[in-house]
Amino acid sequence: MRFMMLMIPGGYASAALDAMPSPEAIEAMMKYNEELKKAGVLLALEGLHPPASGARVSFKGGKPAVVDGPFAEVKEVLGGYWILDVRSRDEAIEWARRCPASEDDIIEVRRIHEMSEFPEDVQKAAEGFSELKG
């Protein structure tokens, strides 16, 4: 089963455009990432720039509207993610518990849909997209 662990760093919604984690924080996170890699469960991981450098596209009334970051009314934003291939939700949660996160960080653990879980008609509609797994 594949799971995505979403890092929601406390205070990141208002982080400066050029905000960077400390070398100590990166070192601790790299040790954690190495554990995931050695255990053979890590499929992908990425960190994201602060929301100040991003944009949000909404579709009210069916028309796209773009708002540049930072986003005034947002309390939580993504700071990065991991994709793991583990045996169970409990195992994914256990990996999240081991993360060297700060006390105001949150990691959301979400199972990724596998194409094989969808009805046949949905699978047929998605044919040709090898990027969709399972």
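The values are calculated or read from the model by the stated rules, or taken from the named source; none is laboratory data. Given the structure is predicted, the values throughout are model-derived calculations rather than measurements. Cβ: placed from backbone, ideal geometry, glycine included. Neighbour counts: every protein chain shown. Keep in mind that these areas ignore ligands, DNA and RNA; they rest on the heavy atoms of the full protein, side chains included. Shrake-Rupley method; radii C 1.70, N 1.55, O 1.52, S 1.80 Å.
Find how many whole Å separate the alpha carbon centroid of segment 28-70 from the alpha carbon centroid of segment 106-131.
After rounding, the separation between the Cα centres reads 19 Å.
Arrange the residues 71, 129, 3 by how much accessible surface each exposes, largest first, with a 1.4 angstrom probe.
Listed by decreasing accessible area, they come as 129, 71, 3.
Tell me, what is the per residue accessible area of the chain in Å², probe radius 1.4 Å?
72 Å²
Hey, can you rank 111-124, 28-41 by average C-beta count inside 10 Å, highest first?
Per-residue Cβ counts within 10 Å, averaged per peptide and sorted highest first, yield 28-41, 111-124.
When the accessible area of the chain is split by element with a 1.4 Å probe, what percent falls to carbon and sulfur?
54 percent
What Kirkwood Rh does the chain have if only Cα atoms enter the pairwise 1/r average? Answer in Å.
Final number for the Kirkwood radius of the chain is 17.0 Å.
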